[in-house]
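Notes to accompany the following structure.
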Amino acid sequence: MTKGSEQPNPLREGLSTRAVPQPCAIAIFGATGDLTHRKLIPALYNLAADGELPPAVAVIGFARRSKSDDEFRNELAQTTKQFSRQDLREDIWKTFAQSILYHQSEFEDESGYQSLAKRLDQIDEERGTRGNRLFYLAAAPEKFEPILKNLKAAGLNKAKEGSWARVIIEKPFGRDLRSAQELNRVVSDAFVEDQTYRIDHFLGKETAQNILVLRFANAIFEPIWNARYIDHVQITAAETLGVEGRAGYYETAGALRDMVQNHLLQLLCLVAMEAPTDLSADSIRDEKVKVVRSLRRYRADEIAKLVVRGQYTKGAINGENVPGYREEENVNPKSETETYVALRLSIETWRWSEVPIYLRVGKHLPKSATEISVHFKKAPMVLFNRDSTEHDQNVLVIRIQPDEGISLRMMAKIPGTSLRIEPVKMDFHYGTSFGKASPEAYERLLLDAMSGDATLFARRDEVEEAWAFIDPIEKAWAEKNAPRLTFYPAGSWGPEEADELLARDGRAWRRL
Ligand code: BG6
């Protein structure tokens, strides 16, 4: 068997050069689900349209329902039209659709995997996919274990000499430390770590990747990227969307598990990590995991003060009335599930000592926007700053989405004969500077998995450390005398308690 890391790709070193994906067959488990329709197939289609797919590729949808290859292709044509980043071009779709096949089986049925193995061998011969296999687990999380066991039983976890087999695992990766460890055990029973790609799609977002470039390809930021110059950091992921028919899952998760344990902590790692020794996947991940490990764990009695959990009540989004969370379909009318979280956390390292980090995520907020803002300390209170207002901090904003870009807020003189100063923005927009649309996160990540580059995927220890940080909060919330759940009307910026969290420190959330 040839593992990912044993097959160095000379054209690619970490983030520095272009990925060169290899011919392969991609088997998607959960092929009739939402993720396949909304994200995976549109991503593969866009890669095909941009000429980024390897010369030979086959996509095999593995699912329970019975249907023919053509029925499957027709369904996907409709949804790809709807969700694709670029318009669907008939000629490109037609060629791409020829690489899509359907394989019907129950996830628990071993024989379905044996027939898959035979089919994959045949595909290798007919289509030149060279024995390379990428298994994408996009099914419900309770199916992960039978899928992994059956892949192993059919020998699909091991590739033939000179080929590779890899597995991509979708979120949620466990629901606490114990279940994540158990899942890691099940995964590692079938695939070694080098074959395992735990996806966190936030890492595939263009601007998330740019954080390391901003920090380590420019000389001016790193010397001031520390407690001496930085007052605090805010990370916000706001969504106008509600639970959108996913209440079944969301009721078991909540915002802390759904967004903070993975996406927000991953962004925080990129902002807070030390420079890696090189750009290899493990060097970068070694530094990221140190950040999570350095997060000060909350004591049970601090949680009420440092973590705010909220739930939306009825309100209006873009002028349209929406029901409260407890009124949503499939939600318990007494549900205590949080749709909003704000936290104040500390990283216990020399670089970040005494620098508060504030995170917030929420559904049904007034605007969809994800950004990181680094708030620098005020200039000395002399000369122009004698009559200092709260507005005189330099703020570096990394806009993850929408309108991807970076801006720096600084003070400037208002033109005129008197000396008055006001904050202005130096602004870089991806769209206008590079004149081309960024690929979707899933495009980049699928390509990376096909090229054996795990840099933008979460490693086993990262996932477990993140749960170790989250668990005490979930535990405190599950207690009888739990810190109380707060409420906010849909369409507002979250509960008042979240504003108080910062106001207590003499700070305020950035207006988005
Ligand atoms: C998913 C969460 O991981 O990320 C969703 O499960 C959330 O609840 C989504 O809406 C946000 O991702 P994006 O890319 O739309 O910002």
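The values are calculated or read from the model by the stated rules, or taken from the named source; none is laboratory data. Predicted, not measured: the structure shown is a model, and the values here were computed from it. Counting neighbours? That spans all protein chains shown, and the Cβs are built from the backbone with ideal geometry, glycine included. When the accessible area is computed, the model is the full protein with side chains, heavy atoms only, and any ligands, DNA or RNA have been set aside. Shrake-Rupley method; radii C 1.70, N 1.55, O 1.52, S 1.80 Å.
Tabulated data
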{"read-out": "Complete set of residues in region 223-237 that are open to solvent by 20 Å² or more (accessible area, probe 1.4 Å) and either among the charged types (D, E, K, R) or near the ligand (Cβ under 10 Å from one of its atoms) (or both)", "value": "Arg228, Asp231"}
{"read-out": "Of residues in region 203-238 being of a type in the set (Ser, Thr, Tyr) and out of contact with any Pro (no Cβ under 9 Å at 6 or more places or on another chain), the one modelled with the lowest pLDDT", "value": "Thr207"}
{"read-out": "Positions within region 78-99 being closer than 27 Å to Arg119 by Cα and open to solvent by less than 80 Å² (accessible area, probe 1.4 Å), in sequence order", "value": "Thr79, Thr80, Ile92, Trp93, Phe96, Ala97, Ser99"}
{"read-out": "Meets criteria (within 20 Å of Arg459 (Cβ to Cβ) and of a type in the set (Gly, Ala, Ser)) for Ala238", "value": "no"}
{"read-out": "Any hit, region 61-69, residues being crowded, with 16+ Cβ neighbours inside 10 Å, touching a helix residue (DSSP H, G or I) at 6+ places or on another chain (Cβ under 6 Å) and touching a residue at least 40 places away in the same chain (Cβ under 8 Å)", "value": "yes"}
{"read-out": "Ile357 under 20 Å from the mean Cα position of the chain (by Cα), closer than 27 Å to Glu404 by Cα and within 15 Å of the ligand (Cβ to nearest atom)", "value": "no"}
{"read-out": "Residue satisfying condition, being more than 13 Å from Trp467 (Cα to Cα), within 11 Å of the ligand (Cβ to nearest atom) and of a type in the set (S, T, N, Q), within set Thr252, Thr240", "value": "Thr240"}
{"read-out": "Flag for Glu479 being crowded, with 20+ Cβ neighbours inside 10 Å and of a type outside the set (A, V, I, L, M)", "value": "no"}
{"read-out": "Test: residue in region 185-198 that is among the small types (Gly, Ala, Ser), open to solvent by 20 Å² or more (accessible area, probe 1.4 Å), part of a helix (DSSP H, G or I) and away from the ligand (no atom under 16 Å from the Cβ)", "value": "yes"}
{"read-out": "Among residues of region 120-137, those that are touching a Phe, Trp or Tyr at 6+ places or on another chain (Cβ under 6 Å) and over 14 Å from Lys158 (Cα atoms), counted", "value": "1"}
{"read-out": "Which listed residue, of Leu151, Leu88, is assigned to a loop (DSSP other than H, G, I, E, B) and either without any contact (Cβ under 8 Å) to a residue 60 or more places away in the chain or in contact with a Ser or Thr (Cβ under 8 Å, 6 or more places away or on another chain) (or both)", "value": "Leu88"}
{"read-out": "In region 290-329, the residues that are in a loop (DSSP other than H, G, I, E, B), more than 25 Å from the chain's Cα centre (by Cα) and surrounded by 13 or more Cβ atoms within 10 Å (Cβ to Cβ)", "value": "Lys314, Pro323, Gly324, Glu328"}
{"read-out": "Unique match (being over 25 Å from the mean Cα position of the chain (by Cα) and either at pLDDT 95 or above or within 16 Å of the ligand (Cβ to nearest atom) (or both)) among Leu456, Leu502", "value": "Leu502"}
{"read-out": "Subset of region 154-173 that is part of a loop (DSSP other than H, G, I, E, B) and under 25 Å from Arg257 (Cβ atoms) - its residue that is most open to solvent (accessible area, probe 1.4 Å)", "value": "Lys171"}
